[in-house]
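> This structure is in structure tokens; I'll ask about it shortly.
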Amino acid sequence: MPGPVLLDLEDGVARLRLNRPEASNAINRELLEALVKAVGSLQRDRSVRAVVLSGEGENFCAGGDVRASIRRRAEIRPARANRADVATRAEVLALSAQDDGADRAVSLQRADA
């Protein structure tokens, strides 16, 4: 069974896809942890020149999964809430977003690419 994040790598371009289409790819703990793990793996792979982030199904990402947050409210600790350090390596210098009205994609490029 596929996980919450799908990853393909071809010719130096990684395609990272959120895989919770039934929930509009809303980010829950499982998806966030899988995303952090996948990005960490890509950061260590010197063959990766670019990363394309997209979502399976009709939506890129609905944001945080409110239902999951309510269920886990008692477990949430402020120290775990900030996961913004996912892409902190110096190699990830350019972040650009495209919106063609239907699909959204985010690409990360290395400075040496």
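Please treat every number below as a calculation from the coordinates, not as lab data. Note that this is a predicted model, so its numbers are computed, not measured.
> With θ set to phi - 60°, apply the Karplus curve 6.51 cos²θ - 1.76 cosθ + 1.60 along segment 10-15 and write out the HN-Hα couplings as whole Hz, x wherever there is a Gly or Pro.
Per residue, the Karplus-derived 3J(HN,Hα) values read 9, 6, x, 10, 8, 10 Hz.
> Test of understanding: what is the full-extension gain from Glu10 to Ala62, defined as 0.36 nm times their sequence separation minus their Cα-Cα distance?
Values: separation 52, 0.36 × 52 = 18.72 nm, distance 2.74 nm.
Extra length available between Glu10 and Ala62 comes to 16.0 nm.
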